[in-house]
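Report on the following structure.
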Amino acid sequence: MVKLSVIVPFYNVQSYAPETLRSLRANARSDIEFLLVDDCSSDGTPEILERAERDLPGAVLLRHAQNGGLATARNTGLDAARGEYLAFLDGDDWIAPGYYEDLLATIERLGCDFVRTDHVQCTARARTLARVPHGRRGVVMNPREAILPADRSTSVDYAYAWAGIYHRRLLDAGLLHFTHGLRTAEDRPWIWRLHREAESFAAVGLLGVFYRRGVASSLTQIGDVRQLDFIRAFDQVVEETAKDRDADELLPKAVRTYCAIISHHLTSGRFEPQVARKLRAMSAAVLKRLPSGVLDGALDSMDAERANRLRRLRRRPAASVASGVPSQGAGAAA
């Protein structure tokens, strides 16, 4: 019987995959399977994974015929998973020895639907502890109670799928799959759905996941059009939350978070000029279609700089929104 299925997508990470795979080997045991999903890599990653399929106990290699992105690769792993519990890891990150054994013991002791964990963010120069923004540790709660308040960082803002472990009943209930084809922010609709629809969760201080930041090939470091998928992701969050039985309470949080992410991207300086213009046009269209009363409340709750930036963008003429060309006199950062 498979106790835990670990889903690990890989795409062009030949420099990092060996360390990831070594960390999995340090967690191998007879009831753990490692679902290694090659998302049509074009570097040396496929050969590394072929060796791992032979040498890593519990490894199962799954190949995509064409690149589908992280969300689709995770779904491929979910469809093949046989474990009572499920966990995720990205192909350029790694875990501490014995981490999955401790994680399994934690969720079995607590008996809840899912557990969220802290993690360590790693750059070339530093390691930083990142904590689940939830004050009650080791206490089983209704996940809906961890969505609010709207003006503070909460568990739905800590969207990393790999920072936790999930019972199979969530998969059977249709709560663990990701929106097919999302190239970024794929964790956002996913974590919101979990917190709205699962029955129980807990946050714990267990450390063992090491998240590698600043990888040049990571989509979060690339300013191309795929980054704009965050709009599709947050549109989904808002649409689904608006249908929730507690929409009046939860929707302000979803809208405020959406606004904060839009503001962040507008000022990031990451995007190529053509993509930056498209970002401003798409963001202006978002602000025009969000529920006006909820949006007004969200902007009123934000600091003046961000609120004014978004109000100016909201006032852009419809013609410039449709064309993606800045209106007369519009600044580069809206």
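Structure values in brief
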read-out	value
Entirely in the stretch 134-247, the helices (runs of 4 or more DSSP H) that have 3 or more residues that are open to solvent by less than 60 Å² (accessible area, probe 1.4 Å) and within 23 Å of Thr76 (Cα to Cα)	187-197, 229-242
Filter pass, Val2 being under 19 Å from Thr106 (Cβ atoms), open to solvent by 10 Å² or more (accessible area, probe 1.4 Å) and of a type outside the set (Lys, Arg)	yes
Number of the exception - Met282 against (1) part of a helix (DSSP H, G or I); (2) of a type outside the set (Val, Ile, Thr); (3) over 13 Å from Leu228 (Cα atoms)	(3)
Residue in the stretch 209-217 that is touching an Asp or Glu at 6+ places or on another chain (Cβ under 9 Å) and under 29 Å from Pro291 (Cα atoms) present	no
Of all residues in the stretch 62-94 being crowded, with 24+ Cβ neighbours inside 10 Å, small (Gly, Ala, Ser) and in contact with a strand residue (DSSP E or B) (Cβ under 7 Å, 6 or more places away or on another chain), the one that is farthest from Arg29 (Cα to Cα)	Ala73
Any chance Asp39 is open to solvent by less than 10 Å² (accessible area, probe 1.4 Å), free of Cβ contacts under 8 Å to residues at least 40 places away in the same chain and either over 25 Å from the mean Cα position of the chain (by Cα) or more than 24 Å from Glu84 (Cβ to Cβ) (or both)	yes
Single match in Ala105, Ala59 (criterion: surrounded by 16 or more Cβ atoms within 10 Å (Cβ to Cβ) and closer than 26 Å to Arg25 by Cβ)	Ala59
Qualifying residue in the stretch 155-162 (condition: modelled with pLDDT under 95 and not β-branched (Val, Ile, Thr))	no
Residues of the stretch 238-284 that turn out to be within 17 Å of Thr184 (Cβ to Cβ), small (Gly, Ala, Ser) and modelled with pLDDT of 95 or more, as a count	3
Hey, Arg256 of a type in the set (Lys, Arg), over 24 Å from Trp192 (Cβ atoms), in contact (Cβ under 8 Å) with a residue 12 or more places away in the chain and part of a helix (DSSP H, G or I) or not	no
In the stretch 108-120, residue nearest to Val209 (Cα to Cα) [restricted to those that are surrounded by 16 or more Cβ atoms within 10 Å (Cβ to Cβ) and not aliphatic (A, V, I, L, M)]	His119
Selection status of Arg116, assigned to a strand (DSSP E or B), within 23 Å of Lys3 (Cβ to Cβ) and out of contact with any Leu (no Cβ under 6 Å at 6 or more places or on another chain)	yes
Selected residue (only one of Arg168, Arg144 is farther than 25 Å from Cys259 by Cα, among the basic types (Lys, Arg) and modelled with pLDDT of 95 or more)	Arg168
Of all residues in the stretch 285-323 being buried (at least 17 other Cβ atoms within 10 Å of the Cβ) and not in a helix (DSSP H, G or I), the one that is modelled with the lowest pLDDT	Arg316
Helices (runs of 4 or more DSSP H) fully within the stretch 1-109 counting 3 or more residues that are within 23 Å of Leu175 (Cβ to Cβ)	70-80
Check on Tyr16, surrounded by 14 or more Cβ atoms within 10 Å (Cβ to Cβ), farther than 25 Å from Trp190 by Cα and within 22 Å of the chain's Cα centre (by Cα)	yes
Residue under evaluation Ile262, criteria (1) of a type in the set (A, V, I, L, M, F, W, C); (2) at positive phi; (3) part of a helix (DSSP H, G or I), criterion not met	(2)
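Per-residue answers, yes or no, for (1) of a type outside the set (Phe, Trp, Tyr); (2) on the phi > 0 side of the Ramachandran plot:
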{"position": "Gly83", "(1), (2)": "yes, no"}
{"position": "Ala87", "(1), (2)": "yes, no"}
{"position": "Ala96", "(1), (2)": "yes, no"}
{"position": "Glu101", "(1), (2)": "yes, no"}
{"position": "Ala105", "(1), (2)": "yes, no"}
{"position": "Phe114", "(1), (2)": "no, no"}
{"position": "Pro133", "(1), (2)": "yes, no"}
{"position": "Gly138", "(1), (2)": "yes, yes"}
{"position": "Ala150", "(1), (2)": "yes, no"}
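The values are calculated or read from the model by the stated rules, or taken from the named source; none is laboratory data. What you see is a predicted model, and the numbers here were worked out from it, not measured in a lab. Neighbour counts are summed over all protein chains in view; Cβ atoms, including those assigned to glycine, are modelled from backbone coordinates with ideal geometry. What goes into the accessible areas is simple: the full protein's heavy atoms, side chains included, and nothing from ligands, DNA or RNA. Shrake-Rupley method; radii C 1.70, N 1.55, O 1.52, S 1.80 Å.
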